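Chemist: Submitted below is the structure of interest, expressed as structure tokens.
Quick note: the coordinates plus some simple rules give every number you see, no bench work behind them. What you see is a predicted model, and the numbers here were worked out from it, not measured in a lab. Neighbour counts are summed over all protein chains in view; Cβ atoms, including those assigned to glycine, are modelled from backbone coordinates with ideal geometry.
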Amino acid sequence: MQSIQTPMTLRTISGCYGNGTWKPAAYAYNLFSNHCSNSILYQDLVIKRGGVSSTDLMATLYRRNNGNSTLIMWYDPTLYIEGTIEVTLDLSEMGDITIHDIYTGANQTLTGDTVMVGNAPIFITFQTTNISNPITLHIKESGIAITLYVIIFIVLISSLGLTVVIKRRKNE
């Protein structure tokens, strides 16, 4: 018996539902293709300042020759499944800083210089006067990360102390 399958259409392949509305990933793809195409990746211009949480902040910077810049950030903690951290932006920008929602395509202008970053990527666009200017991200340390590192340190010291006690008793 032969099964009858619905033929693949451009809409089902391209990220649209059957009714023509976009799937969430289609917004992210659209943002990336519109703002990062014909750009250069400048990883060396991203300076992260902060404690242990700064190593868990993933950040990429794309720039075009005309100064159009795109910063994509997400937080990927190593000690626990997910969380958020506060990041203060020093972008050396001119003009508005726009945050784009990768799930809906909605935009909003950043009113301050601080954003909360979680495991979902944050897509930020801005204009800079000089494409060789670095950006600085000041990361506020996560309370959960500090607590977990302190616990790991205490366990490590306790284990070393226990090892010394066991070796001394064994030698007696």
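Chemist: Choose one of Gln43, Ala120, Ser132: the residue whose Cα lies farthest towards the positive end of the charge dipole of segment 24-141 (beta-carbon charges +1 Lys, Arg; -1 Asp, Glu; about the Cα centre).
Modeler: Farthest towards the positive end: Ser132.
Chemist: Rank Met94, Met58, Met73 by mean-square fluctuation in a GNM of the chain with C-alpha springs under 10 angstrom and give only the top-ranked residue.
Modeler: The residue that fluctuates most here is Met94.
Chemist: Compute the angle between helix 24-36 and the longest alpha-carbon principal axis of the chain, please, reported from 0 to 90 degrees and rounded to the nearest 10.
Modeler: Between helix and principal axis, roughly 80 degrees.
Chemist: Per-residue ellipticity at 222 nm for the chain, helices alone: DSSP H runs ≥ 4 residues times -39500 (n - 2.57), over residue total, nearest 500 deg cm²/dmol? Please report the intermediate quantities before stating the final value.
Modeler: Numbers: 4 runs with 51 residues, N = 172.
My calculation for the chain gives -9500 deg cm²/dmol from helical runs alone.
Chemist: Moving on. Here are labelled values, (1) -0.83, -1.09; (2) -0.48, -0.90; (3) -0.31, -0.83, and one is the computed log10 I(q)/I(0) by the Debye sum over Cα atoms at q = 0.09, 0.15 Å⁻¹ for what I pasted. Which one?
Modeler: Label (2) holds the value from this structure.
Chemist: Still on this structure, I have one more. Would you please give the FRET efficiency between Glu172 and Thr55, computed as 1/(1 + (r/R0)^6) with r the Cβ-Cβ distance and R0 = 45 Å, to the nearest 0.05? List each step's numbers first, then the result.
Modeler: Numbers: r = 44 Å, r/R0 = 0.97.
According to the calculation, E is roughly 0.55.
Chemist: Positive end of the dipole of the chain, charges at C-beta (+1 Lys, Arg; -1 Asp, Glu), about the Cα centre: which of Val165, Thr55, Asn30 has its Cα farthest in that direction?
Modeler: Val165
Chemist: Shifting gears a bit: Could you size up the charge dipole of the chain around its Cα centre, putting +1 on the beta carbon of Lys and Arg and -1 on that of Asp and Glu, and report it in debye to the nearest 20?
Modeler: Values: 11 positive and 12 negative charges, 135 e Å.
Here the chain has a charge dipole of around 660 debye.
Chemist: In whole percent, what relative contact order does segment 24-141 give with Cα contacts below 8 Å and a gap of six or more residues?
Modeler: Relative CO of segment 24-141 lands at 35 percent.
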